[in-house]
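Take a look at the structure below.
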Amino acid sequence: MKKIGRNTPCPCGSGKKYKRCCEQKEAAINEQKLPPGRFQYEAGSYGGANKGYMPSIICYKDEGNSLKEHFCLVKPDKVFDDEDTASSMADKHLSTAKAIIDKGGSPQDFALSLRHKGYKSLSDFNVVS
């Protein structure tokens with residue numbers, strides 16, 4: 001993953017310099033131990049017909065014989081009228097993040113890639129099939 005200069009604008013979109021915004025948070029992410037287990041990711045949309053749809057990525061944790069929803073990421077700065085557009089954007093961003101892993105990047109690089117695209121963790125979410 002490309003290194004971000006300390007004096008460049010923060011990729012989160014805040015308008016602040018990276019060193020004054022996300023540099024310390026991201027350093028902490030790189031130091032975190034990863035949770036044990038295997039994970040799978042699925043792009044989709046989050047929202048509803050009356051409120052709009054945001055690109056989303058759900059993480060499933062492999063629980064042996066089944067997959068369990070572990071967390072959900074949403075991109076709240078993009079809201080679309082239709083699910084397909086939101087899902088398509090999430091799929092593109094997830095593919096880009098997976099390519100980082102395929103090129104030898106770390107899981108932390110994968111996570112930071114999505115963070116730099118504006119994805120935020122959603123603490124209380126519902127999965128609707």
> Quick one: in the stretch 74-114, which of the residues that are within 12 Å of the chain's Cα centre (by Cα) and not in a helix (DSSP H, G or I) is nearest to Cys59 (Cα to Cα)?
Replying inline: Val74
> Looking at (1) loosely packed, with under 14 Cβ neighbours inside 10 Å; (2) modelled with pLDDT under 90, can you tell me which one Lys103 breaks?
Replying inline: (2)
> With Lys117, Lys75, Lys98 as the choices, which residue is closer than 19 Å to Ser45 by Cβ, in contact with a Pro (Cβ under 6 Å, 6 or more places away or on another chain), surrounded by 13 or more Cβ atoms within 10 Å (Cβ to Cβ) and not aliphatic (A, V, I, L, M)?
Replying inline: Lys75
> How many residues are in contact with a helix residue (DSSP H, G or I) (Cβ under 8 Å, 6 or more places away or on another chain) and of a type outside the set (Lys, Arg) if we restrict to the stretch 107-122?
Replying inline: 9
> Going by the conditions given, is Met89 under 15 Å from Tyr41 (Cβ atoms) and not charged (D, E, K, R)?
Replying inline: yes
> Looking only at residues in the stretch 40-72 that are polar (S, T, N, Q) and either out of contact with any Gly (no Cβ under 9 Å at 6 or more places or on another chain) or farther than 21 Å from Leu112 by Cβ (or both), which one is surrounded by the most Cβ atoms within 10 Å (Cβ to Cβ)?
Replying inline: Ser45
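Yes or no, residue by residue, for (1) in a strand (DSSP E or B); (2) modelled with pLDDT under 85:
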| site | (1), (2) |
| --- | --- |
| Lys25 | no, yes |
| Lys33 | no, yes |
| Pro36 | no, yes |
| Tyr41 | yes, no |
| Tyr46 | yes, no |
| Asn50 | no, no |
| Ser56 | yes, no |
| Gly64 | no, yes |
| Lys68 | yes, no |
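The values are calculated or read from the model by the stated rules, or taken from the named source; none is laboratory data. Note that the structure is a prediction, hence the values are computed from the model and not measured. No Cβ is skipped: glycine too gets one built from the backbone with ideal geometry, and neighbour counts run over all protein chains shown.
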